[in-house]
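To start, the structure itself, in structure tokens.
The values are calculated or read from the model by the stated rules, or taken from the named source; none is laboratory data. Keep in mind the model is a prediction, meaning the values are calculated, not measured. Don't worry about glycine lacking a Cβ; one is built from the backbone with ideal geometry, like all the others, and counts go over all protein chains shown.
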């Protein structure tokens with residue numbers, strides 16, 4: 001959905017008859033603004049890609065913690081560790097609250113793999129606390145599931161000065 005927001009912003013500009021240069025500019029601005037925070041059930045799948053050392057994956061499995069990871073402009077950032085479902089939802093909500101720009105109009109999408117109820121709960125809480133102008137609930141793509149593993153719960157979001 002992070003990439004989807006870029007496509008949606010460009011499509012909206014094109015629909016409003018913006019010049020090609022403006023459409024491209026809006027897509028670039030949205031790409032720079034969009035962020036994602038995600039909870040992974042394990043580091044095992046990410047370790048297969050070489051992005052995480054196998055030793056870290058092994059320790060993660062032993063400790064039974066879920067990493068919270070941020071992604072912005074193609075760069076990953078560790079944001080925390082949680083143990084329970086309730087901590088996970090609170091942590092994701094808190095990170096979106098901290099990282100979103102309160103001066104703009106918030107667009108967000110909750111994404112999950114086979115965790116529709118958890119995703120719905122997170123979406124309701126985000127809507128109640130942050131009042132986004134646009135919000136979605138979507139499944140994580142199969143490609144992302146292969147890389148990140150099952151049990152993903154995350155939020156893609158950005159703020160735009162224009163509604």
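Listed values, structure above:
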item: Close pairs from region 152-163: first closer than 25 Å to residue 89 by Cα, partner surrounded by fewer than 19 Cβ atoms within 10 Å (Cβ to Cβ) and at pLDDT below 85, Cβ under 6 Å, at least 6 apart; result: 159/101; 159/104; 160/104
item: Filter result (modelled with pLDDT of 85 or more, more than 17 Å from the chain's Cα centre (by Cα) and in a helix (DSSP H, G or I)) within region 17-62; result: 20, 21, 22, 23, 24, 25, 26, 27, 28, 29
item: Looking only at region 109-123, and only at residues there that are in contact with a helix residue (DSSP H, G or I) (Cβ under 6 Å, 6 or more places away or on another chain) and under 22 Å from residue 8 (Cα atoms), the one that is modelled with the lowest pLDDT; result: 112
item: Which numbered condition residue 80 fails, given (1) in contact with a helix residue (DSSP H, G or I) (Cβ under 6 Å, 6 or more places away or on another chain); (2) closer than 18 Å to residue 150 by Cα; (3) modelled with pLDDT under 90; result: (2)
item: So residue 101, is it in contact with a strand residue (DSSP E or B) (Cβ under 9 Å, 6 or more places away or on another chain), surrounded by 13 or more Cβ atoms within 10 Å (Cβ to Cβ) and either at pLDDT below 80 or within 18 Å of residue 9 (Cβ to Cβ) (or both); result: yes
